[in-house]
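The values are calculated or read from the model by the stated rules, or taken from the named source; none is laboratory data. None of these values were measured; they are calculated from a predicted model. When we count neighbours, we look across all protein chains shown, and the Cβ atoms used for this are built from the backbone with ideal geometry, even at glycine. What goes into the accessible areas is simple: the full protein's heavy atoms, side chains included, and nothing from ligands, DNA or RNA. Shrake-Rupley method; radii C 1.70, N 1.55, O 1.52, S 1.80 Å.
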Amino acid sequence: MQPVRKKQKLTYKARAAVLAAIVLVLVGVTVFIILNRPRTSPPLLKSEDTSHVLIDRPGETLQSFLVTNSMGDQFTIKKEGEQFILDGHPGFLLDRHQVDLMVKDLTLLITSDWAGDVPEDDESLEMLGLGKNASRVTAHYADGTEITVRFGFDARTEIPSDFIMVEGDSKVYTISQETRDHFDRDISTLHQIPAINFSSKHVNQIRFEGENAFTLRQTDGWWEMTAPYPHAVNVAALTSLLSNINKMRFALYVSDARESNLADFGLDSLKRSVYFDLSASTITEYDKQDNPISNRDIPAQTLRIDLGDDYEQIGLYCLYDGKVYLCSNASMGFLRDVSFETLKSKSPLNIPINRLQSLMVEENHVRTRYTIGFVETILPNNELAKDKDGNQLFDTLVYIDDKEIDSQVFLRAYLNLLGLYGAGPLPETYKANEHDWVRKYTFVLLDESTRELALFPFDALHYAMRVNGVFVAFVSHEAADAVVFSSNQ
């Protein structure tokens, strides 16, 4: 008789292990299926296009358009040959860029959205700013048809827009506010604005004539006040002036200049005229959005701007090339406000050593003439030294009666001399005898012109400073006597 084998029962731990293995297999299969099934993208939600084409005409078919702005003023721009001109004013120089924007709108005008139908009664239209006093433009085309577009109030949409409609159609739409700005304007805003945005690096001289006249001139980058008398320029004030010159702009054309209307702008008896003597340059013309339009090569010339009355608190009138313009204080006000006093330096002389030919020092009946020369700087490897911009460098040589002296000692004294500045103003009643000076310095420049600084007795502690024949300030004995040029070097 065969023995019977008993079935062994699985323990609890064994059953758990088997179940865990089954689960792991199922999870693996599921992950495999998910990772390897074909991928499909969900359909994109398409936003509804709510725009509408109000005008779609070939560009060459537009013949003229009549603009009525919100003030009730009207003007007509018509096509003559290939250009558009202001009807009745052929000499009026239209801003081509601005006219091109208007022409573009009248040949292809697309709204942003449909706002709804409006009852064609005056009250309903007035509520939207589309009534009889609305700004509008009527376009005339070559086929004899015309379209009148009215511009209404701000539609108060998330993206700023205005109401717009075509006369004869009850539908009202919204459109970019820039479109309204193209038409709801004064005709003066369509006049060309000349570009005067020349770079200050091309300015050789600036003359301010009229009230508080003075002149600034530069030579090889060195600026000096030359009238009413030669005087050093305050570097910070000069930097600000040159920066402002780079930003000059006319804001708005006002009128052609005529004898009959100059008094209206304070230009009949000129307060100030500003002359810019410019070297040859290239001028870039910009539109009102500061986008470059074109480049022009300009020969050396003198540019004149006459200043008239202030306009409220925001600007002033300027006369340029026979036309009156309105200028903002931000861009042109500095021409009215700058003066000799605001530009002059406390140090009366600031002559770079490389502009100097010689210096005569006179004191106690002794004259010493220092002659300046230059020689190329030689590096240890016998090559010529240059700065970071590739310009050749020079060493300064100083001579007394053809005898070379220590240039470093001279240069230290020279810098101390240029560093003298007025400690305070002299009384208007101060006078001195021409021959009573205590010490005198005479500078001879490379162009043979001369500058002078003389010290005269003032009080027990100070000298009076005379610069190029004009008494300007007093300076302490201590500061002036510290400037020592030794003749026994």
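Leaving out same-chain residues fewer than 8 places away, which aspartates and glutamates sit with a Cα under 16 Å from that of Lys132?
Excluding near neighbours in sequence, the set is Asp73, Glu120, Asp121, Asp122, Glu123, Glu167, Asp169, Asp184.
Say the cut-off is 29 Å between C-alpha atoms; which of Lys288/Lys388; Lys104/Lys171; Lys104/Lys247 go over it?
In this structure, Lys288/Lys388; Lys104/Lys247 exceed 29 Å between Cα atoms.
Expected output is a single nm value to one decimal: the length gained when fully extending between Asn329 and Lys271, i.e. 0.36 nm times separation in residues minus the C-alpha distance. What is it?
Additional length available on full extension: 19.3 nm.
First measure r as the distance between the Cβ atoms of Lys346 and Ala227, then evaluate 1/(1 + (r/R0)^6) with R0 = 30 Å and state the FRET efficiency to the nearest 0.05.
Efficiency computed from Cβ-Cβ geometry: 0.95.
Which entry in (i) 1.02; (ii) 1.19; (iii) 1.73 is this structure's computed Cα Rg over 2.2 N^0.38 Å?
Computing Cα Rg over 2.2 N^0.38 Å and matching it to (i) 1.02; (ii) 1.19; (iii) 1.73 gives (iii).
Which FRET efficiency value, to the nearest 0.05, is calculated for Ser170 and Leu93 with the Förster distance at 60 angstrom and r the Cβ-Cβ distance?
Efficiency for this residue pair is about 0.90.
R0 = 60 Å: FRET efficiency of Tyr421 with Met71, Cβ-based, nearest 0.05?
Step by step, r from the Cβ atoms, then E = 0.60.
Considering only Cα-Cα distances, which of the following residue pairs are longer than 29 Å: Lys386/Lys440; Lys346/Lys431; Lys323/Lys346; Lys78/Lys271?
Beyond 29 Å: Lys386/Lys440; Lys323/Lys346; Lys78/Lys271.
Compute the distribution of all C-alpha to C-alpha distances in the stretch 231-327, in bins of 10 Å from 0, and list the percent of pairs in each, rounded to whole numbers.
Binned Cα distances yield the sequence 13, 37, 36, 14, 0.
Using the charge dipole of the chain (Lys, Arg: +1 at Cβ; Asp, Glu: -1 at Cβ; taken about the Cα centre), state which of Tyr311, Ser358, His140 has its Cα farthest towards the positive end.
Ser358
Fully extended, how many nm does the chain gain between Thr368 and Ala213 (0.36 nm per residue separation, minus their Cα-Cα distance)?
Extra length from Thr368 to Ala213 when fully extended: 52.1 nm.
Please report, in debye to the nearest 20, how large the charge dipole of the stretch 167-287 is about its Cα centre when each Lys and Arg carries +1 at its beta carbon and each Asp and Glu carries -1 there.
480
Per DSSP helix of 4 or more residues, -39500 (n - 2.57); summed, then divided by the residues of the chain. What does that give at 222 nm, rounded to the nearest 500?
-5500 deg cm²/dmol
Per-residue accessible area for Trp114 at 1.4 Å probe radius, Å² rounded to 10?
Trp114 has an accessible surface of roughly 130 Å² with all protein chains in place.
With the alpha-carbon atoms as the only input, what is the per residue convex hull volume for the stretch 386-487 in Å³?
In the stretch 386-487, the Cα convex hull volume per residue is 161 Å³.
Would you mind pulling out the separation of the Cα centroids of the stretch 312-336 and the stretch 372-422, in Å?
Cα centroid of the stretch 312-336 versus Cα centroid of the stretch 372-422: 46 Å apart.
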